[in-house]
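> Next up is a structure, given as structure tokens.
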Amino acid sequence: MLQSTSNSTSQTNITAKIITAERGQDVILTCKVPNNNNNNKTITAVEWIRPRLDPEHVLFYRDGHLDPDNQHPSYQNRVDLQNKELKDGDFSLILKNVTMEDNGRYECWVFEKGKNEPINTITLEVLLSVLM
């Protein structure tokens, strides 16, 4: 069962969320650009990172494809964008087969021509599966 809580910081429009998942589940970490007006022509790249991880990239998408060069090895073949066409400003991340090591803070960054900005921060809390 996934649980989510959120709040927005008014000064920067960055959304902070806490998502709870059980080990082994797939989760979606949401990231939507506000006021995108269905126009992604100026979006040059999308980056999901985990600060303090080396390398910190969970996913890096540019030039129409995923760029695995600097991706942390633990996320290879486990992450994807929910919408690879980047429609409607949706840059949400799918994280498959969540592990206990996935606990922590994730940041979604969107790069537009002339600027880059964080869109949201998500804290993922992974729980051990409860057997019944």
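> Any idea how many residues of segment 55-69 are at pLDDT below 90 and either surrounded by fewer than 12 Cβ atoms within 10 Å (Cβ to Cβ) or aliphatic (A, V, I, L, M) (or both)?
Within segment 55-69, residues that are at pLDDT below 90 and either surrounded by fewer than 12 Cβ atoms within 10 Å (Cβ to Cβ) or aliphatic (A, V, I, L, M) (or both) number 5.
> Let me ask another. Condition check: modelled with pLDDT of 85 or more, out of contact with any Gly (no Cβ under 9 Å at 6 or more places or on another chain) and within 21 Å of Leu127 (Cα to Cα). Does Thr5 satisfy that?
no
> Considering only segment 92-115, how many residues are more than 15 Å from the chain's Cα centre (by Cα) and either surrounded by 14 or more Cβ atoms within 10 Å (Cβ to Cβ) or among the acidic types (Asp, Glu) (or both)?
Residues in segment 92-115 being more than 15 Å from the chain's Cα centre (by Cα) and either surrounded by 14 or more Cβ atoms within 10 Å (Cβ to Cβ) or among the acidic types (Asp, Glu) (or both): 2 in total.
> Which condition breaks for Pro73 when tested against (1) at pLDDT 90 or above; (2) touching a strand residue (DSSP E or B) at 6+ places or on another chain (Cβ under 7 Å); (3) surrounded by fewer than 11 Cβ atoms within 10 Å (Cβ to Cβ)?
Among (1) at pLDDT 90 or above; (2) touching a strand residue (DSSP E or B) at 6+ places or on another chain (Cβ under 7 Å); (3) surrounded by fewer than 11 Cβ atoms within 10 Å (Cβ to Cβ), the lone unmet condition for Pro73 is (2).
> Give the number of residues within segment 13-33 that are small (Gly, Ala, Ser) and either under 12 Å from the mean Cα position of the chain (by Cα) or modelled with pLDDT under 85 (or both).
1
> Six or more apart or on different chains, Cβ under 9 Å: which pairs go from a residue in segment 89-111 that's in a loop (DSSP other than H, G, I, E, B) to one that's surrounded by fewer than 17 Cβ atoms within 10 Å (Cβ to Cβ) and acidic (Asp, Glu)? Could you list them?
Pairs that qualify, where the first residue is in a loop (DSSP other than H, G, I, E, B) and the partner is surrounded by fewer than 17 Cβ atoms within 10 Å (Cβ to Cβ) and acidic (Asp, Glu), are Lys96/Asp26; Lys96/Asp80; Asn97/Asp26; Val98/Glu22; Val98/Asp26; Asn103/Glu125.
> Across segment 34-54, which residue is modelled with the lowest pLDDT among those that are over 15 Å from the mean Cα position of the chain (by Cα) and assigned to a strand (DSSP E or B)?
Among them, the one singled out is Ile43.
> With respect to Asp80, determine if the residue is part of a strand (DSSP E or B), surrounded by fewer than 19 Cβ atoms within 10 Å (Cβ to Cβ) and without any contact (Cβ under 8 Å) to a residue 24 or more places away in the chain.
Yes.
The values are calculated or read from the model by the stated rules, or taken from the named source; none is laboratory data. Because the structure is a prediction, the values reported are computed rather than measured. Here the Cβ is made from the backbone with ideal geometry for all residues, glycine too, and neighbour counts use every protein chain on show.
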